[in-house]
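Below is one structure, written out as structure tokens; comments come after it.
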Amino acid sequence: MSEEDMMDDEIVKKFMFVNRRAPYGSIYALESLEVVLIAAAFDQDVSLVFSDDGVFQLKKEQDTAGIGMKNFSPTYRALEMYDVEKLYVSKTSMDQRGLTKDDLIVEVEVLGDEALADLMDDQDVIFSF
Amino acid sequence: MSILHTVNKSPFEKSSLDSCLSMAKEGSALLLIEDGIFAALKGTAKESQMKDASQKLKLYVLGPDLKARGMAEERVIEGVEVVDYAGFVDLAAAYDKVSAWV
Amino acid sequence: MAIEVNGKTFETDEEGYLVNLAEWEPGIAEAMSKEDDLELTEEHWDIINFLREYYEEYQIAPAVRVLTKAVGKKLGKEKGNSKYLYALFPYGPGKQACRFAGLPKPTGCI
């Protein structure tokens, strides 16, 4: 795209990205983040859901120096500047994995399965990673 | 004839850990690496299964993979020993063979 | 591709972005700007340094909209607008300034 603010009269759709994989073990988490940033650049209404092992993507204090991979977790903190502010995590998934909100690098809303299902119903497009 | 088992998949996503634990014989060892490290953490739905396993197996987890995923050593279940890459090599050399549950 | 600075060669990708971020040194920005027929002033360096700090913190090259907003916050409103930034970096503050700063091309720019 050009670097102008060019999307003024575009249709805005509700995009949901469902992140279900842990980071580093596969490429899904990083790929999802890239697509989210592109969707945000097109001024779409973006929601992110972290469920199953996807909740591990947001774990604080990641340090990848020892495994020779890029630590992309700081980028989740930049999402706010891209106006991506709807971040949801699954309570069921957090509980299963012994995680609490305090373990996470960004501010999120913790939702039960039913609330997540409702949220999903409300979307135009759902991408699963 | 003891075996070093390695599991590199998350126990919440794949059955690699379950399969490994059902096959691993007393006196063998299990090293958790990559996304397998999530099995080594306290307070998860897998903790009791791992504690049972520690009764018959030596359990290890790879430190750099813990660190990459933001997991401090304090979160590791007691009875699971943290090793570095050199420790991984030592284990592979110490056991008769390696079985990777990929 | 590659760029030569003070006798050293640095690898760049097919669009001229530095391949290894860690290799960056100010001379690289100078050499790249010369190729673009641009003289770097203190105002350019403010943006280049800002981008490097932004990348250090968020591990991402910001999209131009985000850059504009963030520059306004950090360096003042008179600099946080696209007119000012395009005057400094005519090929686009996202693309050109990121390239000078040794960052990858911002995500979302094609």
*Scan region B:17-43 residue by residue and report those that are of a type in the set (Asp, Glu) and open to solvent by 50 Å² or more (accessible area, probe 1.4 Å).*
B:Asp18, B:Glu26, B:Glu34
*Which pairs do you get when a residue that is over 29 Å from A:Asp43 (Cα atoms), found in region A:83-99, comes within reach of a residue that is open to solvent by 80 Å² or more (accessible area, probe 1.4 Å), reach meaning Cβ atoms under 9 angstrom, with the pair 6+ apart or on two chains?*
A:Thr92/A:Asp113; A:Ser93/A:Arg20; A:Met94/A:Lys101; A:Gly98/B:Lys42
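Just checking, does region A:38-57 include any residue being among the aromatic types (Phe, Trp, Tyr) and at positive phi?
no
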*Scan region A:46-74 and report the pairs whose first residue is farther than 13 Å from A:Ala29 by Cβ and whose second residue is assigned to a loop (DSSP other than H, G, I, E, B), with Cβ atoms within less than 6 Å and a gap of 6+ or a chain change.*
A:Val46/A:Val84; A:Lys60/A:Ile105; A:Lys60/B:Gly70; A:Glu61/B:Gly70; A:Pro74/C:Gln59
*Of B:Glu74, B:Glu13, B:Glu47, which residue is within 30 Å of A:Pro74 (Cβ to Cβ), at pLDDT 95 or above and in contact with an Asp or Glu (Cβ under 8 Å, 6 or more places away or on another chain)?*
B:Glu13
*Among the candidates B:Lys14, B:Lys9, single out the residue that is part of a loop (DSSP other than H, G, I, E, B), open to solvent by 20 Å² or more (accessible area, probe 1.4 Å) and either at positive phi or free of Cβ contacts under 8 Å to residues at least 12 places away in the same chain (or both).*
B:Lys14
*Tally of residues being within 14 Å of chain B (Cβ to nearest Cβ) and acidic (Asp, Glu) across region A:72-119*: 3
_Lone unmet requirement of (1) of a type in the set (Gly, Ala, Ser); (2) more than 14 Å from chain A (Cβ to nearest Cβ); (3) touching a residue at least 60 places away in the same chain (Cβ under 8 Å) for B:Gly27_ = (3)
*Out of B:Arg69, B:Arg75, report the one residue that is touching a Lys or Arg at 6+ places or on another chain (Cβ under 8 Å), more than 19 Å from A:Gly68 (Cα to Cα) and of a type in the set (Lys, Arg).*
B:Arg75
_Give me the residue from region A:25-45 that is without any contact (Cβ under 8 Å) to a residue 60 or more places away in the chain, within 21 Å of A:Asp103 (Cα to Cα) and out of contact with any Asp or Glu (no Cβ under 7 Å at 6 or more places or on another chain) and, out of that set, farthest from the other protein chains (Cβ to nearest Cβ)._
A:Leu30
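Would you pick out the residues in region C:52-80 that are outside any helix (DSSP H, G or I), open to solvent by less than 50 Å² (accessible area, probe 1.4 Å) and either assigned by TED's automatic domain parsing to the domain that holds C:Asp13 or farther than 21 Å from C:Pro26 by Cα (or both)?
Within region C:52-80, C:Ala63, C:Gly76, C:Lys79, C:Gly80 meet the criteria.
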_Among the numbered criteria (1) out of contact with any helix residue (DSSP H, G or I) (no Cβ under 6 Å at 6 or more places or on another chain); (2) open to solvent by 20 Å² or more (accessible area, probe 1.4 Å); (3) closer than 22 Å to A:Ala41 by Cα, which one does C:Glu14 miss?_
(3)
*Assess whether A:Glu10 counts as being at pLDDT below 95 and not β-branched (Val, Ile, Thr).*
yes
*From C:Gly92, C:Gly108, grab the single residue that is at the interface with another protein chain (Cβ under 7 Å from one of its Cβ atoms), modelled with pLDDT under 95 and under 11 Å from the mean Cα position of the chain (by Cα).*
C:Gly92
_Yes or no: region B:68-76 includes at least one residue that is under 16 Å from B:Ala100 (Cβ atoms), among the aliphatic types (A, V, I, L, M) and within 12 Å of another protein chain (Cβ to nearest Cβ)._
no
*Quick one: count up the residues across region A:93-128 that are in a helix (DSSP H, G or I), open to solvent by less than 60 Å² (accessible area, probe 1.4 Å) and in contact with a Ser or Thr (Cβ under 8 Å, 6 or more places away or on another chain).*
4
*For region B:44-56, how many residues meet the condition of being part of a loop (DSSP other than H, G, I, E, B) and either within 14 Å of chain A (Cβ to nearest Cβ) or open to solvent by less than 10 Å² (accessible area, probe 1.4 Å) (or both)?*
3
*So which residues in region C:35-51 are assigned to a helix (DSSP H, G or I) and either among the small types (Gly, Ala, Ser) or at pLDDT 95 or above (or both)?*
C:Glu42, C:Glu43, C:His44, C:Trp45, C:Asp46, C:Ile47, C:Ile48, C:Asn49, C:Phe50, C:Leu51
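The values are calculated or read from the model by the stated rules, or taken from the named source; none is laboratory data. The model shown is predicted, which means the values in this text are computed figures rather than measured ones. Cβ coordinates were reconstructed from backbone atoms using ideal geometry, including for glycine residues, and neighbour counts include every protein chain displayed. SASA here: full protein model, heavy atoms, side chains in, ligands and nucleic acids out. Shrake-Rupley method; radii C 1.70, N 1.55, O 1.52, S 1.80 Å.
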